[in-house]
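Below: one structure, written as C-alpha cells.
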Amino acid sequence: MKRFTVAILVNNQFGVLNRVTSMFRRRQFNISALTVSETESSKYSRITILSEGDEITKQQLINQLYKLPDVVSVAELDPEETVSRELLLIKVENNAETRPDVRAAVDAFEAKIVDYNIQSMVIQMVGDSRKTDDFINLMLSYGIMEICRTGVVALERGASTIRKVTLF
C-alpha cells in the first residue's frame, strides 16, 4: 500500500475534527498520523492526515471529505512538491557503554539532546517521516524507553496554497 498525505482546510468550529475522524472510522480508512492547528486566519483550521491505500481508496477518501459540510478545501500533497516535517521526542537509556554511539547518531541526524540525566537522555529530532523512522530504528539497539512523535506537518512548495482563493 502507498502512503499519501492529505491536507484539509476546515471551518474552525467545535466538533469538526470529530466529524472528519468519524468519517474515516465509518469508511474504514486508517489514519497513520494526524495534526490539527489553526491557520493564518482564526476562521479556519488545517488538518493534515497521513494515510495508506491504493489510488481508488485515496480518491474515495477525498470525495468523502468534500461531502462534509465544514470542509472548505482538500489537497493531496505530492511528496516531491511538499515540505514536510515531523517532531520526534525519544527517550533512550543513558549508559557509559553506548553513550558515544548515541551522541554520534544525534549529531548525524541533526538532532538535539534536550534532557540528560544519569538514567536517560531525551532526544529531539525534526525531519521527514522517513528520517524519523530511520532514527527510531537506529535507536532500537540503544534501549528506547519511550517515544512521542507528532503527525506530519506539510506545506506545498512555491506559491500554491490549499486555498486557491483568499477567503479572508
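Derivation of every value follows stated rules applied to the coordinates shown; laboratory data play no part. Predicted, not measured: the structure shown is a model, and the values here were computed from it. With ideal geometry, Cβ positions are generated from the backbone for all residues, glycine too; neighbour counts draw on all protein chains shown.
In order along the stretch 148-154, the phi-based Karplus estimate (6.51 cos²θ - 1.76 cosθ + 1.60, θ = phi - 60°) of 3J(HN,Hα) comes to 9, 9, 7, x, 6, 10, 8 Hz; Gly and Pro are listed as x.
Any idea what the dipole of the chain comes to, in debye rounded to 20, about its Cα centre with Lys/Arg Cβ at +1 and Asp/Glu Cβ at -1? Don't jump to the answer; show the numbers that get you there.
On the way: 21 positive and 22 negative charges, 153 e Å.
I would put it at about 740 debye.
I'd like the chymotrypsin sites (Phe, Trp or Tyr not before Pro) in the stretch 1-88 restricted to DSSP loop residues with at most 14 other Cβ atoms within 10 Å, sorted by number. The partial results should precede the final answer.
On the way: sites: Phe4, Phe14, Phe24, Phe29, Tyr44, Tyr66; in loops: Phe14, Phe29.
Those that pass, being in a loop and sparsely packed, are Phe14.
Taking label positions 7 Å along the Cα-Cβ direction at both Lys67 and Asn11, the computed distance is 1.9 nm, reported to one decimal. Taking the charge dipole of the chain about its Cα centre, with +1 at Lys and Arg Cβ atoms and -1 at Asp and Glu Cβ atoms, the residue from Ile136, Ala111, Ala159 reaching farthest to the positive side is Ala159. With 0.36 nm allotted per residue and the present C-alpha distance subtracted, the Gln119-Lys43 stretch has 22.8 nm of extension available. Amide H to amide H, with H built 1.01 Å from N, Leu87 comes under 5 Å of Thr150, counting only residues 5 or more places away or on other chains.
The phi-based Karplus calculation (6.51 cos²θ - 1.76 cosθ + 1.60; θ = phi - 60°) puts the 3J(HN,Hα) values of the stretch 83-92 at 9, 10, 9, 9, 9, 10, 10, 9, 9, 10 Hz, whole numbers, x for Gly and Pro.
Database remark: amide H of Thr82 closer than 5 angstrom to the amide H of Arg157 (H placed geometrically; neighbours at sequence offset of 5 or more, or on other chains; Pro and chain starts carry no H).
Counting helices only, and only those DSSP H runs with n ≥ 4, report the 222 nm mean residue ellipticity of the chain as the sum of -39,500 (n - 2.57) divided by its residues, in deg cm²/dmol to the nearest 500.
Working: 4 runs with 45 residues, N = 168.
Rounded to the nearest 500, the figure is -8000 deg cm²/dmol.
Report the local net charge at Ser22: Lys and Arg +1, Asp and Glu -1, summed over other residues whose C-beta lies under 15 Å from its C-beta. Around Ser22, the charge tally is +4. Modelled spin-label separation between Asp134 and Ala104, with each label point placed 7 Å from Cα along the Cα-to-Cβ direction: 1.7 nm. Charge tally around Leu68: other residues with Cβ under 13 Å, Lys/Arg +1 each, Asp/Glu -1 each, net +3. Shown here for the stretch 36-78: GluC sites (Glu not before Pro) in loop regions (DSSP other than H, G, I, E, B) with at most 11 other Cβ atoms within 10 Å, namely Glu40.
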